[in-house]
Amino acid sequence: MKNPFIILLFAVTISCTSKEEVDYIFFNANVYQVNEDFGKAEAFAVKNNRFLSVGSDKDILNNYESVNKIDLAGASIYPGFIDGHSHFFRYSMGLNDVDLVGSKSFLEVIQRLQKHIQKMPTTEWVVGSGWDQNDWENKEFPTKDTLDILFPNKVIMLTRIDAHAVITNQNGLDIAEISGRSKIEGGEIILKNGNPTGVLVDNAAKLLRSKMPELKNQTDQKQLLERGQNNCFAVGLTSLVDAGLDKEQIDLINTMHKNEQLKMRVYAMINPTQNNMNHYFGTGHIKTDYLHVRSFKIYGDGALGSRGACLVAPYSDMPSTTGFLLSDVGRFDSLARLIFAKDFQMNTHCIGDSANRVITDIYAKYLKGKNDRRWRIEHAQVVTNSDLTKFGSYNILPSVQPTHATSDMYWAEDRLGKDRVKTAYAYQDLLKQNGKLILGSDFPIEDINPIYGFHAAVSRQDNDDFPQGGFQPENALSREEALKGMTLWAAYGQFEEEEKGSIETGKFADFVILDQDIMEVEPEKIRATKVIKTFIGGKEVYGLN
């Protein structure tokens, strides 16, 4: 007769040794998986940088073993946030520039400039960004007069919040060879009494930017990119789209990934220069765990705030203009033909209803109905009802920035009028076309914090909880829709929904721990949410001290 104690001991031994060893176990959590069923879990196991299993505490703890067991004490867990449209490289390079965001007057802009120059008195070029004349009591564009008087020996280049206009001084105009007689397609040189005021819009600003010397060597660039990455990790971003990069910038990011200096996952949109196209059409798509290159960023028009957005009818507050396209229609068509033939994704900046109409018509010409090319309209800010259906008919993906709506709501009706503004920032109308909406921030134009975008999407309010009831609340997103827009749907817009965007078996173990549950907390408390920890591949990359 067999000894029952021996049998029991053998069974216990087999049970213990049958547990699979994993790198990490996280348990006792409130996990939003953001999978197809929008399910919730309590725990997950991570192995080789990916989620090996997701389920209940009992399932995970009974089946897996690890020397790294983390009790999350009921904290709320979400997939790592994805910024569906940002300018990460530009943001990072500007971390040492003059910060003009939130300035309440041009006088305050001048004061910030003076403080910056006191710290860096030998700098020849003084670069800053973030001013917005719509935030000032005098909402007219500034002029260069004060800059000429105070900074006669420097080149001043101050970029508007939307990056579609700059103010410069006479030194800047001279270097860019700009006069009152200069003409520029797809841009505007603002004049007063026939002379340049110093404000350059869209392609006119490029004349000055092209003269700017390379201010940062590669060592400086690497340090700034690491700073930018750390700022992103601190707000829960684990992946982002960098919209508009050249080969040299992409190569630097790739090198830093290989050297483990950068861990941020980057979906790079390429600038459509001839050199860039020659290279990437030759190499084809590039895909690593951290870098994905398969799309081109095209600029259709300018911005609404600087009246460079191309509208079907004139601006309500300036009937003399309808804005402008940044290239002729033939150029957009030839780019679409090339990008389609080479199997790349075309992603076009379109703010005005005319730009959206022109570009979606060109898309339709090449996409020819339902498809899986995932071509995108970046911003899709003003879209007439008659053009909305093209998004659904040709599977065109809208990529929007919820904080644009709450930043622009103070003056958007002035630009568009009370009827046309109803077709702007129409996120629900866009969502209904394909059942997906990509959310981003467009930082540094807006804040890098994705929680602010989540709050703006669901409440249609700003940081003052204004206006009561929300701005055009009929186009607010549900919390589930907003969370999908900054995780799973954003991943879909990058052809990466099989490897990120949700907490599911086989996907990268990218996730974020928040100090409160944004799916349940009162709307007015959402913006105060803090990131406790951020993980990429199961490894902590940020922890709140």
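The values are calculated or read from the model by the stated rules, or taken from the named source; none is laboratory data. Remember, predicted model here, so these are calculated numbers, not experimental data. Every residue, glycine as well, gets a Cβ built from its backbone with ideal geometry; the counts of neighbours run over all protein chains shown. Calculation scope for accessible area: heavy atoms of the full protein, side chains included, ligands and nucleic acids excluded. Shrake-Rupley method; radii C 1.70, N 1.55, O 1.52, S 1.80 Å.
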Residues being of a type outside the set (A, V, I, L, M, F, W, C), open to solvent by less than 30 Å² (accessible area, probe 1.4 Å) and either farther than 24 Å from residue 122 by Cα or without any contact (Cβ under 8 Å) to a residue 24 or more places away in the chain (or both): count how many of those fall in the range 180-199.
5
Meets criteria (in contact with a Ser or Thr (Cβ under 8 Å, 6 or more places away or on another chain), among the acidic types (Asp, Glu) and either open to solvent by 10 Å² or more (accessible area, probe 1.4 Å) or at pLDDT 95 or above (or both)) for residue 447
yes
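Here is a yes/no grid of residues against (1) more than 25 Å from residue 176 (Cα to Cα); (2) open to solvent by less than 20 Å² (accessible area, probe 1.4 Å):
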| site | (1), (2) |
| --- | --- |
| 208 | no, yes |
| 214 | no, no |
| 218 | yes, no |
| 223 | yes, no |
| 230 | yes, no |
| 237 | yes, yes |
| 250 | yes, yes |
| 258 | yes, no |
| 261 | yes, no |
Looking at 92, 86, which is the one that is among the hydroxyl-bearing types (Ser, Thr, Tyr), touching an Asp or Glu at 6+ places or on another chain (Cβ under 7 Å) and more than 13 Å from residue 168 (Cβ to Cβ)?
86
Exactly one of these conditions fails for residue 520: (1) within 21 Å of the chain's Cα centre (by Cα); (2) part of a loop (DSSP other than H, G, I, E, B). Give me its number.
(1)
I need the full set of residues from the range 511-528 which are closer than 26 Å to residue 45 by Cα and either of a type outside the set (D, E, K, R) or in contact with a helix residue (DSSP H, G or I) (Cβ under 7 Å, 6 or more places away or on another chain) (or both), in order please.
511, 512, 513, 514, 516, 518, 519
Considering 140, 177, which residue is open to solvent by 80 Å² or more (accessible area, probe 1.4 Å), over 30 Å from residue 249 (Cα atoms) and out of contact with any Phe, Trp or Tyr (no Cβ under 8 Å at 6 or more places or on another chain)?
140
Out of 132, 202, report the one residue that is open to solvent by less than 60 Å² (accessible area, probe 1.4 Å), touching a residue at least 40 places away in the same chain (Cβ under 8 Å) and on the phi > 0 side of the Ramachandran plot.
202
From the residues in the range 111-150 that are assigned to a loop (DSSP other than H, G, I, E, B) and closer than 22 Å to residue 95 by Cα, which one is modelled with the highest pLDDT?
132
Taking the condition of being touching a Lys or Arg at 6+ places or on another chain (Cβ under 9 Å) and assigned to a loop (DSSP other than H, G, I, E, B), how many residues in the range 260-283 meet it?
6
Boolean, residue 208 is over 22 Å from residue 541 (Cβ atoms), out of contact with any Cys (no Cβ under 9 Å at 6 or more places or on another chain) and not charged (D, E, K, R):
yes
Output for the range 423-434, where each listed residue is part of a helix (DSSP H, G or I) and among the aliphatic types (A, V, I, L, M)
430, 431
Flagged in the range 402-422 as of a type in the set (A, V, I, L, M, F, W, C), assigned to a helix (DSSP H, G or I) and either touching a residue at least 60 places away in the same chain (Cβ under 8 Å) or open to solvent by 40 Å² or more (accessible area, probe 1.4 Å) (or both), in numbering order, are 405, 412, 416
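Conditions tested, residue by residue: (1) closer than 20 Å to residue 295 by Cβ; (2) open to solvent by less than 20 Å² (accessible area, probe 1.4 Å); (3) of a type in the set (Gly, Ala, Ser); (4) at pLDDT 95 or above.
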site: 390; (1), (2), (3), (4): yes, no, no, yes
site: 394; (1), (2), (3), (4): yes, no, no, yes
site: 430; (1), (2), (3), (4): yes, yes, no, yes
site: 441; (1), (2), (3), (4): yes, yes, yes, yes
If I ask for residues that are more than 18 Å from residue 488 (Cα to Cα) and either in contact with a strand residue (DSSP E or B) (Cβ under 7 Å, 6 or more places away or on another chain) or assigned to a helix (DSSP H, G or I) (or both), which ones from the range 456-475 would you list?
456, 459, 473, 474, 475
With the requirement that a residue be surrounded by fewer than 20 Cβ atoms within 10 Å (Cβ to Cβ) and on the phi < 0 side of the Ramachandran plot, what does the range 275-287 give you?
275, 276, 277, 278, 279, 281, 282, 283, 285, 286, 287
May I ask you to list the residues in the range 288-326 that are buried (at least 23 other Cβ atoms within 10 Å of the Cβ), of a type in the set (D, E, K, R) and under 30 Å from residue 255 (Cα atoms)?
297
Checking residue 480 against (1) assigned to a loop (DSSP other than H, G, I, E, B); (2) in contact (Cβ under 8 Å) with a residue 12 or more places away in the chain; (3) not β-branched (Val, Ile, Thr), only one condition comes out false. Which one?
(1)
Residue check: is residue 50 surrounded by fewer than 21 Cβ atoms within 10 Å (Cβ to Cβ) and either closer than 18 Å to residue 501 by Cβ or acidic (Asp, Glu) (or both)?
yes
In the range 53-97, what count of residues is obtained for those that are acidic (Asp, Glu) and surrounded by fewer than 18 Cβ atoms within 10 Å (Cβ to Cβ)?
4
Among the residues of the range 263-274, which ones are of a type in the set (A, V, I, L, M, F, W, C) and either farther than 21 Å from residue 448 by Cβ or open to solvent by 10 Å² or more (accessible area, probe 1.4 Å) (or both)?
270
Taking into account only those residues within the range 450-476 that are more than 24 Å from residue 234 (Cα to Cα) and free of Cβ contacts under 8 Å to residues at least 12 places away in the same chain, which is least open to solvent (accessible area, probe 1.4 Å)?
470
The conditions are (1) at positive phi; (2) open to solvent by 10 Å² or more (accessible area, probe 1.4 Å), and residue 425 fails exactly one of them. Which is it?
(2)
